[in-house]
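Single-structure report; data block below.
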Amino acid sequence: GAVVSQHPSRVICKSGTSVKIECRSLDFQATTMFWYRQFPKKSLMLMATSNEGSKATYEQGVEKDKFLINHASLTLSTLTVTSAHPEDSSFYICSARLPSALEETQYFGPGTRLLVL
Amino acid sequence: QKEVEQNSGPLSVPEGAIASLNCTYSDRGSQSFFWYRQYSGKSPELIMFIYSNGDKEDGRFTAQLNKASQYVSLLIRDSQPSDSATYLCAVNMGDSNYQLIWGAGTKLIIKP
């Protein structure tokens, strides 16, 4: 159980285009999902918290107009990188929160590697 | 500032030995604690969580929590080369936004 998928796994795009990344919880309902980015040999950086049916909460320094997040259902959150530039090239990873009475476990998708040319 | 600290390593351990990974956290109100493993180029995968003081064992892995000392550790017995990865410690500090506070990770190398 607690499987999270992410699509696409890898994408190459031209500078100025937009890219949409999907994150799905396959066998549980996730009211909360998280979007991270990670540069090579660096730690995870939380970009935003996505709550189903409401606006995402962005971390300081993350441009909400550039990184559009939509959490339209209990199993799907999307991240759209708008007008992508080479500096947006990174490893984007989503996680979904599995709520329980005792802990708040996050399960990760396999990640999306974005390369902007 | 809520923080989670880990030694970045690399920590080198001979195959078959016990690997000990440590993590400290700043917020005494923290409620649950997680260890994730991340192989190079892959996303993190959950190894185990712990929320009560003491030890929790799962196969070759044992998590230890000491809330008085604000310290959580992960022991890996009979280390295998396949255990070589970066180990991330994460802490749920009980915020309503459900976020985890992440350590920077410890790189573990198991030498055959």
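Here the dipole of chain A is about 380 debye; that uses its Cα centre as origin and unit charges on the Cβ of Lys and Arg (positive) and Asp and Glu (negative).
If a/c stays under 1.5 just call it rounded; otherwise compare a/b with b/c (prolate if a/b is bigger, oblate if not). Do that for the range B:29-112, with a ≥ b ≥ c from the square roots of the Cα gyration tensor eigenvalues. Oblate is the answer for the range B:29-112, as a/c is 1.5 or above yet b/c matches or exceeds a/b.
In Å² (nearest 100), what accessible area is buried between B and A, both sides summed, heavy protein atoms only, 1.4 Å probe?
Details: alone 6130 and 6580 Å², together 11070 Å².
Roughly 1600 Å².
Using a/c under 1.5 as the rounded threshold, could you call the protein assembly as shown rounded, prolate or oblate? The axes a ≥ b ≥ c are square roots of the C-alpha gyration tensor eigenvalues, and prolate needs a/b larger than b/c, oblate otherwise. The shape class here is prolate.
For the range A:1-83, run through the GluC sites (Glu not before Pro) and keep only the ones in DSSP coil with at most 10 other Cβ atoms within 10 Å of their Cβ.
A:Glu63
Exactly which trypsin sites (Lys or Arg not before Pro) in the range A:1-73 are in a DSSP loop and have at most 11 other Cβ atoms within 10 Å? Working shown, then result.
Details: sites: A:Arg10, A:Lys14, A:Lys20, A:Arg24, A:Arg37, A:Lys41, A:Lys42, A:Lys55, A:Lys64, A:Lys66; in loops: A:Lys14, A:Lys41, A:Lys42, A:Lys55, A:Lys64, A:Lys66.
Those that pass, being in a loop and sparsely packed, are A:Lys14, A:Lys41.
When the pairs A:Lys42/B:Lys42; A:Lys20/B:Lys42; A:Lys64/B:Lys42; A:Lys20/A:Lys64; A:Lys14/A:Lys41; B:Lys67/B:Lys111 are compared against a 22 Å limit on Cα-Cα distance, A:Lys64/B:Lys42; A:Lys14/A:Lys41; B:Lys67/B:Lys111 fall above it.
Averaged across the residues of B:38-46, what count of C-beta atoms belonging to other chains lies within 10 Å of each residue's C-beta?
Working: counts 5, 0, 2, 4, 5, 16, 9, 3, 7.
Average neighbour count from other chains, rounded to a whole number: 6.
With the charge dipole of chain A set up from +1 on Lys and Arg Cβ and -1 on Asp and Glu Cβ about the Cα centre, the Cα lying farthest toward the positive end among the listed residues A:Thr105, A:Leu117, A:Thr17 is that of A:Leu117. Within chain B, DSSP assigns beta bridges of which about 90% are antiparallel (rounded to the nearest 5).
For the range A:56-102, what is the accessible area per residue in Å² when the probe is 1.4 Å? The partial results should precede the final answer.
Details: 2210 Å² over 47 residues.
On a per-residue basis, 47 Å².
Split the accessible area of chain B by element, probe 1.4 Å, and carbon with sulfur accounts for 46%. For the range A:39-106, a/c is not less than 1.5, where a ≥ b ≥ c are the root eigenvalues of the C-alpha gyration tensor, and a/b does not top b/c. That puts it in the oblate class. Does any residue of the range B:73-112 lose at least 50 Å² of accessible area with all protein chains in place compared with its chain alone, and if so which ones (probe 1.4 Å)? Correct list: B:Tyr98, B:Gln99, B:Trp102.
Counting, for every residue in A:36-44, the Cβ atoms of other protein chains within 10 Å of its Cβ and taking the mean gives 4.
Normalised per residue, the accessible area of the range B:7-112 is 45 Å², obtained with a 1.4 Å probe and no contribution from ligands, DNA or RNA. By the Cβ distance rule of under 4.7 Å, chain A has these cysteines without a partner: A:Cys13.
The values are calculated or read from the model by the stated rules, or taken from the named source; none is laboratory data. Just so it is clear, the structure is predicted and the values come from calculations on it, not from any experiment. Positions of Cβ are backbone-derived with ideal geometry, glycine not excepted, and every protein chain shown enters the neighbour counts. The accessibility values were calculated without ligands, DNA or RNA, using every heavy atom of the protein model including side chains. Shrake-Rupley method; radii C 1.70, N 1.55, O 1.52, S 1.80 Å.
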